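One structure is given here, and the rest of the page talks about it.
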Amino acid sequence: MLSIGPQQDRSLDPQQTLLRLLTGSPPEPGTDWEAVINLAQRHNVSPFLYHILRPHRDRIPVVAHQTLQTLYYYAVARSLYRERQLREALDVLEAVGVPVVLLKGAAVAYTVYPDPALRTMGDLDLWIPREQLEQARSALQRLGYTLHSKRNRPLALHDAYLGETQLLSNDPTRGLIELHWNVFPGEWLRHAACIDEATLRERSVPLEGMAARRLASEDMVLNTCLHLVINHQLGVGSIRSMLDLYLIQSRLAPNWEEIARRAQEWHVTTAVWLVLTLWTDLFGPQDNLPLSVLQPPPLRRKILRRMAPPAMLWAGRTFRRGWQRRAFLLCLVDRPLDAIHLMTYAFFPERRWLILLYGLENAPPWRIRLQQAWHPVRVLLRQDI
């Protein structure tokens with residue numbers, strides 16, 4: 001733990017102080033540097049904090065500056081490994097004719113951050129055409145990557161429905177690579193949203209100096225919002241994602257009217273509204289945000305605000321039980337019929353999905369029917385409703 005000494009003043013709230021510093025405000029006397037730096041480290045924004053405080057070095061205690069500098073150098077070392085891994089993967093995919101669009105951390109790191117080392121990331125997310133999945137996997141396997149899937153999500157299920165596949169390397173300098181053939185993977189988005197991903201690919205723009213593209217600015221905002229609230233339920237990396245949105249707004253000036261139009265067209269207005277509302281809670285009012293256009297009815301607004309307060313983001317926690325997560329995701333659905341469909345699907349999934357989940361490809365019909373009968377009970381017993 002960092003220890004600054006008796007000069008610190010606990011009267012300044014560390015969370016608000018961190019947000020002010022991240023948005024460029026100069027340090028104030030009495031800052032609790034120990035709390036601020038520990039908070040920045042916990043939320044993976046300490047490299048950016050170090051960068052933005054460089055002009056104010058003379059106003060920061062020496063120990064605080066040294067701690068941030070050490071964290072920054074560590075982030076630079078990790079970033080060098082990640083960039084080598086990324087360029088190596090892009091080169092081999094380009095060689096076999098597989099076009100790549102960078103998503104999530106890699107996309108924002110090389111687009112809106114002054115230096116990609118300032119944006120920490122756990123893996124590399126690459127969007128490729130569905131029809132070239134096997135070609136891409138084979139190319140990466142020649143680099144030493146192996147296919148990886150979770151025990152409760154077999155590879156066959158991933159390939160048929162889930163929209164992404166993971167590859168791991170035994171090389172400790174290489175992280176996880178996720179190949180996406182859906183920009184927005186997952187069952188919620190498959191059933192509750194209506195997204196024309198072919199148009200997203202057409203709108204993508206080249207990344208300078210790389211054999212890859214990135215999403216258009218408006219699509220990048222939507223991808224950030226939906227990934228955070230649907231795939232992670234506002235859990236891991238929430239504060240970092242909010243900083244991503246702030247920098248996208250500052251550096252790319254997206255068209256918010258167009259973002260609202262696309263959210264309506266995709267039927268994801270409630271999910272986007274919640275993230276943008278939490279963003280303004282943290283970073284203050286933002287110009288031109290279409291919150292009134294996106295907001296759900298009053299009762300649902302009240303429920304969602306109670307379920308997902310800003311304190312949840314700072315705590316870095318998600319929903320403890322499956323039924324809480326399911327209830328939260330149901331509240332995010334724009335159309336009531338889609339919510340009913342999602343709830344029904346949780347208990348009675350389509351036959352092919354169930355066969356792949358339980359590895360019943362070669363099972364006799366009676367075994368499949370038995371599993372269909374048992375599945376709703378299993379869902380209830382696991383409290384995943």
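A few notes on this one:
- Qualifying residue in segment 358-369 (condition: over 21 Å from Q233 (Cβ atoms), surrounded by 13 or more Cβ atoms within 10 Å (Cβ to Cβ) and under 29 Å from the mean Cα position of the chain (by Cα)): yes
- If the condition is being of a type in the set (A, V, I, L, M) and outside any helix (DSSP H, G or I), then segment 226-258 contributes L234, V236, A253.
- Conditions (1) under 30 Å from N255 (Cα atoms); (2) outside the structural domain of V229 (by TED's automatic domain parsing); number of the one not met by Q372: (1)
- Exactly one residue out of A308, A315 is surrounded by 15 or more Cβ atoms within 10 Å (Cβ to Cβ) and small (G, A, S): that is A308.
- Taking segment 37-94 as the range and being among the basic types (K, R) and touching a helix residue (DSSP H, G or I) at 6+ places or on another chain (Cβ under 9 Å) as the test, the residues that pass are R42, R57, R59, R78, R82.
- Residue match in segment 77-85 (condition: polar (S, T, N, Q), touching a Leu at 6+ places or on another chain (Cβ under 9 Å) and surrounded by 16 or more Cβ atoms within 10 Å (Cβ to Cβ)): yes
- Matching residues in segment 163-192 - criterion: being modelled with pLDDT of 90 or more, in a loop (DSSP other than H, G, I, E, B) and surrounded by fewer than 17 Cβ atoms within 10 Å (Cβ to Cβ): N182
- Set A77, A40, A109: member being over 22 Å from L313 (Cα atoms) and of a type outside the set (V, I, T): A77
- V96 surrounded by 15 or more Cβ atoms within 10 Å (Cβ to Cβ) and modelled with pLDDT of 95 or more: no
- Within segment 108-124, the residues that satisfy the criterion of being within 14 Å of the chain's Cα centre (by Cα) and either over 15 Å from L179 (Cβ atoms) or surrounded by fewer than 22 Cβ atoms within 10 Å (Cβ to Cβ) (or both) are V108, A109, R119, T120, M121, G122, D123.
- Count of residues meeting criterion [in contact with a strand residue (DSSP E or B) (Cβ under 8 Å, 6 or more places away or on another chain), assigned to a helix (DSSP H, G or I) and more than 19 Å from L168 (Cβ to Cβ)] in segment 105-133: 1
- Only one of the numbered conditions (1) among the small types (G, A, S); (2) within 24 Å of the chain's Cα centre (by Cα); (3) assigned by TED's automatic domain parsing to the domain that holds L276 is not met by S292, and that is (2).
- Selection within segment 285-321 - of a type in the set (G, A, S), without any contact (Cβ under 8 Å) to a residue 60 or more places away in the chain and closer than 27 Å to Q41 by Cα: A311, A315
- Pair list, Cβ under 9 Å, 6 or more apart: segment 250-261 residue on the phi < 0 side of the Ramachandran plot, other residue loosely packed, with under 14 Cβ neighbours inside 10 Å: N255/N288; W256/D287; W256/N288; E257/N288
- Number of residues in segment 322-367 that are in contact (Cβ under 8 Å) with a residue 24 or more places away in the chain and either in a loop (DSSP other than H, G, I, E, B) or in contact with a strand residue (DSSP E or B) (Cβ under 6 Å, 6 or more places away or on another chain) (or both) equals 8.
- Test for A211: is it in a loop (DSSP other than H, G, I, E, B) and not polar (S, T, N, Q): yes
- Qualifying residue in segment 218-225 (condition: within 20 Å of L189 (Cα to Cα), among the charged types (D, E, K, R), touching a residue at least 12 places away in the same chain (Cβ under 8 Å) and assigned to a helix (DSSP H, G or I)): yes
- Residue in segment 195-217 that is at pLDDT 90 or above, farther than 20 Å from V100 by Cβ and buried (at least 21 other Cβ atoms within 10 Å of the Cβ) present: no
- Any hit, segment 8-17, residues being crowded, with 19+ Cβ neighbours inside 10 Å, under 24 Å from the mean Cα position of the chain (by Cα) and modelled with pLDDT of 95 or more: no
The values are calculated or read from the model by the stated rules, or taken from the named source; none is laboratory data. In this text, all values refer to a predicted model and were calculated from it rather than measured experimentally. Virtual Cβ from ideal backbone geometry, glycine too; neighbours counted across all protein chains shown.
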